[in-house]
Each structure stands twice: as C-alpha cells, then as structure tokens.
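Accompanying notes for the structure given below.
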Amino acid sequence: MIDMITPPRDSILEVRDLVTNFSTPEGVVRAVDGISINVRSGESVAIVGESGSGKSTTALSIMQLIPPPGRIVGGNIIYKGKDLAEFSEREMEGIRGKEISMVFQDPRSFLNPLMRVGDQISEAIELHFHNNRETVKKTVIETLKKVGIHDPEQVARYYPHKLSGGMAQRVLIAIAVSCRPSLLIADEATTALDTTVQSQIVDLLRTLKDESGMSLLVITHDLGIVAELCDRVYVMYGGKIMETSDVRSLFRNPQHPYTKALLKCVLSTYEYKDKLESLEGSVPDLTRPPIGCRFHPRCPLATQECREREPPPVRTGESAYAYCWKATST
Amino acid sequence: MTNQALVEIKELSKYFPLGTSLFRKEKKVVRAVDGVSFSIGRGEVLALVGESGSGKTTIARLVLGLTRPTSGTVEFRGRNIFDLSDKELLGLRKHMQLVAQDSASAFNPRKTIRHILAQPLKIHEHYSNDQINDMISKLLVRVGLNPPEQFLSRFPHELSGGQRQRIGIARAISLNPEFIVADEPVSALDVSVRSQILNVFKLIQRTNELSVLFITHDLSVVRSVCHKIAVMYAGKIVEHATVEKLFNSPAHPYTQALLAATPIPDPAIAQKKKKMALTGDVPSLIDLPKGCRYQARCPWKEEICETVEPELTQYESDHLVACHVASRSSVKEMQALHRS
C-alpha cells in the first residue's frame, strides 16, 4: 500500500504523513492529520478544500511557520532531498524566500505601509544575495516588470497605499519571486480580488511558472482557479486528503463523493438553475473528528463501514487515489 | 420602466469633493456615481455588477438613504426619500434593509444572536418579549438555523461565516421589508456554503416577493439568482438587460471582458481558451477621460469614442447599451464568432 504512493524521482517537495496540531482550551485540534503530497519540478499542484480543511496549515507547515499553540508533531517535509524539520531557524531563513516563497490572500496586510515598494522588494534580494546596490536596484526593477507593472521605476518609489488591489498583489508576487524560488506557494492569492483582476493574476502566475520553470502549490477553495491553473489536485477535507488526481480526470470523472459535491457547487454562467446544488452541513470539529471516514456525516453514500473504519487509498487511475470505501479501483 | 416599480432611481449622482489645500487651489471631485438611472419592480431582483471602485456600494448607500446624493432622486413607493423628514425616513427604513458582505463586522461582537435579532423588532414594533422570542425562533428556522435554541445565546464569533450570513439575512427580513439591498452577500464565503446561502436567499425572496438590489462582482452568482442585470463601469451603467439577454448576447465590450474573466470550471476548456485580455485599470474618477470611460481598455475604440460620451440606448428590447460601436453589424458578427 505504502509503495503505491512513492513519489516520482523529479519530486521537489515531498510531504510525508504530516501531522500538525493546535492545542486549544477545548482540546487538541488535529488541523492536518497525516497527509502526504508531492510536487514535481515545474508542476502546478492545487490543494482544494473548504475553510477549516487544513489547507493553509499545510502551507505554513511546509514553511515551518506554524504559530504557537500550533506544532508539527509528525511526518517529514522533504525539500530537494532534505528534511526541513531538521533545519535550524537560521537554515530555514535561507530557504524561505530563496527556495520556497509564499503569496497570501490579503496583499495589503503583508506590505509595510511605511516602506517604499522598491525597498520592500529589495529586502529579500539583499538578504539572500549580498549584491551591490546597483545590481539590487536593477533586479527590483526587472522583477516589477516581470510581474506586469508597466512603470516599474515609478511604482518602486510608491508607498503601498497608492497601489490598487491588483497592483498590490503583483507587488507581493514580485517580492515572492525576486529571488527566483524553486517553489511558490500561493495561499488563496486571488480570492479577495475582482474577477477581472483575478484572471490577470492567474495568467501572471501561469506565465511566471512557464518562464522560470518553478513549481506552484496553489491553495484555494475555488475549483475555477484550479481548472485554469493547475496540473494536479489534492482535495482536502477535515485535515485529510480525500482524493488526488490529475486535473482533467478530477473534473471529468471525480471519484470521491466530496469532490463530486464540491464540483456541483461551482456556479456556471451558462445555465440557469432553479435550485442551486449545495453541500449541506459544515466541516467537522477537529477536536473530535468523526470516526471512520471524516466525510461520512455529510456523505449521501455513507454506510456502516464508513462510520466505523477509515477508508484506505483506492487506486482510481494512474497516480490517482480516492480515500473512500465506495470508490472502485482500476 | 413600468408603473409598478417599487424603487426608481433617476439621474443619480454622487460626487465626493477632495479638500483644497495651500498647494491645491483647484477644487476636484471624485465622481463615484455619475447619472445612474434604473428601477426595480416588485418581486424583482436586479443585479448590479462591476469591479471595485465602479460605484456599486455608493449606490447601495444612496438607495438606502444612508448618504445624500449630489443630484438625482431615489423614489421608494413613488416618493423621493431625500424629501422626507427624519421621522418619515425612520418609518420607511423598516421596509428597506441591508445584507452586508462582511458578516464578521456587521454585528456587534458583544451581543448575543438573540439580542441582535431582537433589536429591529424593538425599535420598529412594540412586541412583548414572548412575541419577540417566538418571532426570532421562526426567523432562525426560516434561514436554516435549526434548532434555534442552539444559536440564541451564542455570540457572532462563535458562528461560521455561513451561519453568520444566515443571521444577516434573518435580521434583514425580520421586519418583513419590501426591499433588500444585498451588498456582495456571498463573496466572502466558500463555494460549498455559497450555494446554501443563495438557496435560502432565493426561497425567501420568492415567498416574500422581495425586491432586491443584488450587488456583486461575480457574474456566476447572478445567473441563477437575478432577473435583470446592470453592469457598472467607472460610475456609470454601461449595459442593462434581462439576465437571459445579457448572458446570451452581451453587447458592451466591458461586459464581454467580464464574462471572459469568469473562470470556466473545466480544465479542458479553461487551459486552452484565448482570453479577451482586460488589461489596465479602471480610470481615475477624478480625471475622467473625455468621451467613453472604457476607451483605454476597449479593443474596438474608434475616433468618436474619444470625444463623445455614449448614452445608454436601446440595443434590443429589454436590452440597453452605452456604446458607440456595439450595434454595428460588423461588430455583432465578430461577437457571434467569439461566442461560438
């Protein structure tokens, strides 16, 4: 069984049986409960799920940025063959920004309002490369140009309040890619944006990935973004992976009832629906997760077995698995 | 349009003046809303769609009488709400309610759900405590929070985003209003929860025959929920049609770009499609260009667009467009090609 999930050779990031807990007065929340994912070099991978499914905790675990009272209690995070858990804080600083970068949902709250845009981009470059001022300046302008800012010299002198939402997100992406990372994690990077700007940012991320060959880990609840941007998908629910597959099979032929439900919730501009498909209920309380399959309280197909025993991975295609008792193996 | 319009807005404008200073003598204004007219019939849902900064929320505030317009009128049941005395306006308020986008900040965090829902009933009606308790329970059941006792003594932060938005709807319908302004009611929610809330909303809208101004930037929400749609760009309405017509034959280049930007939930199409790239940003509402406001981003720009501002005119029946070139046959052919 374990052997089936062995990652391919060109894997750049491999998360193995990751468990991240938060100790709260109500009990221990197992926000991420034994998930394994891998990202190949140059690949665009999505983690999809509702709020509270553990997507962002997974991302922060990879960056070793879990805030207390959270703690990684199990598993390995192997980046280019080295386990990040064994790195000191000092060594991690050399990884963050240079090797693995991250872009967040709300760009404005991650930009320093009192610092010029150019200076904020240069910080990371100076930290990692120790270049002279002229080279750094040139890199900053080049990076701004690369993220589609038309007047980079001007914008570099701006303070963040002058930027529109879309431009602020571009600047944040510029900071993230300024040191040419091998892996960019985009945590709901397009969620708070207008549809038009969102589509521009998706295009930008795709172009950056194609041009530099970096890998993308896209964290989102929006399957529309996944369809546009990603090659492979992990569907997460209640701290666990429910299904993984390449993006086309996932949309064409979803195997897990949760994936099916999520797909039905996507609204289309093409057809009128009298009653919109929805997924009733809400995500489980992870201090006391349901026994058996985590999805069984909301699952239309749940049987006694689902309520008692956790489903094993069922192979549903080439490197595609569904964690469901009802899935049929191929 | 018809005489049974419940809400009618005529030539509504709102300019926000920028202060003058020692070094800026010239008085400038931000033209947030600039000559907007539309009407909403009884039981009708009008979607107001546009990017941030297009003036959607300013219209919401104007329609509810929360801010005064620079010019123009908002007629509710045939009377301009800005001619009313404060007392008359308070009486009207119970007929027009708001569902806000950010349910986390729409409620007083120190008050329980019971208190939050009781407040409007206490202000506008004189019910006994027992009656109020009974009404609140019924409201909670209607918005799908069952059993209601579980929620009464909770605080807003103890609820999920979806549950809070249900409370927002419950509060808005508690006084049986005729008109609701829903300002991005589902934008902050997960996809799975979004449909739940939209279904609750749709059901209540139908049973109460509510008139709704539904503000959103997401066209995919509009299709199954609204009857008519007005697309806003930089303070003006650029296209106004029934939902069917707008989605089947969008005429304004901006509407088309908006539709093209809406993600297609199918990777086989989405990763291949050629996008009508919408580059650049909304023009500054302080120094608006002469002529059409969309010219800087428009693929069909002609000379006339730089000098004459297009008026909202008839394109087909029930379909108004503000564009000089949209009705030319050559452009129509091109559009038809694009859609297929």
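What is the mean number of Cβ atoms from other protein chains located within 10 Å of the Cβ atom of each residue in peptide A:242-251, rounded to a whole number?
If you average over the peptide's residues, the count of other-chain Cβ atoms is 2.
Restricting segment B:100-162 to GluC sites (Glu not before Pro) that sit in a DSSP loop and have at most 16 other Cβ atoms within 10 Å of their own Cβ leaves B:Glu125. Looking at chain B, what % of the alpha carbon pairs are farther apart than 37 Å? Value for chain B: 24 percent of Cα pairs lie more than 37 Å apart. Ordered by the number of other Cβ atoms lying within 10 Å of each residue's own Cβ, fewest first, B:Trp300, A:Trp325 fall into the sequence B:Trp300, A:Trp325. Remark: mean inter-chain Cβ contacts per residue of A:224-234 equal 4, using a 10 Å Cβ-Cβ cutoff to other protein chain atoms.
Counting only DSSP beta bridges with both residues in segment A:17-110, the antiparallel share comes to about 95 percent.
With an 8 Å cut-off on Cα pairs and a minimum separation of 6 or more residues, tell me the relative contact order of chain A in percent.
Numbers: 605 pairs, mean separation 65.6, N = 330.
Once divided by the residue count of chain A, the mean separation gives 20 percent.
Of the chymotrypsin sites (Phe, Trp or Tyr not before Pro) in segment B:10-90, the ones in a loop by DSSP (not H, G, I, E or B) with at most 10 other beta carbons within 10 Å are B:Phe23. Of B:Leu312, B:Leu140, B:Leu18, the sequence from fewest to most neighbouring Cβ atoms within 10 angstrom is B:Leu18, B:Leu312, B:Leu140. Taking the DSSP bridge list for segment B:1-139 and keeping only pairs wholly inside it, about 100 percent are antiparallel.
Take every DSSP beta bridge whose two residues both sit in the protein assembly as shown; close to 65 percent of them are antiparallel. Checking every one of the chymotrypsin sites (Phe, Trp or Tyr not before Pro) in segment A:14-91 against DSSP loop status and a limit of 14 other Cβ atoms within 10 Å picks out no site at all.
Cα-based values for chain A, radius of gyration first and Dmax second, are 20.5, 68 Å. Along chain B, the longest continuous region that contains none of the trypsin sites (Lys or Arg not before Pro) in a DSSP loop with at most 12 other C-beta atoms within 10 Å is B:111-271.
Peptide packing: for A:149-160, A:233-244, A:165-176, the average count of neighbouring Cβ atoms within 10 Å per residue gives the ranking A:233-244, A:165-176, A:149-160, highest mean first.
Peptide A:258-270 has a mean shielding of 5, counted as Cβ atoms of other protein chains within 10 Å of each residue's Cβ.
This model, with +1 at the C-beta of Lys and Arg and -1 at the C-beta of Asp and Glu, gives the protein assembly as shown a dipole about its Cα centre of some 620 debye. Please report, ordered by residue number, every helix of chain A (full DSSP H runs) that is 30 Å or longer along its axis going by C-alpha atoms and whose mean Kyte-Doolittle hydropathy reaches 1.6. Once both thresholds are applied, nothing remains.
No value in this document is a laboratory result; all are computed from the given coordinates. No experiment lies behind these values; they were computed from the predicted model shown. Because the Cβ atoms are built from the backbone with ideal geometry, glycine has one as well, and the counts that use them run over all protein chains shown.
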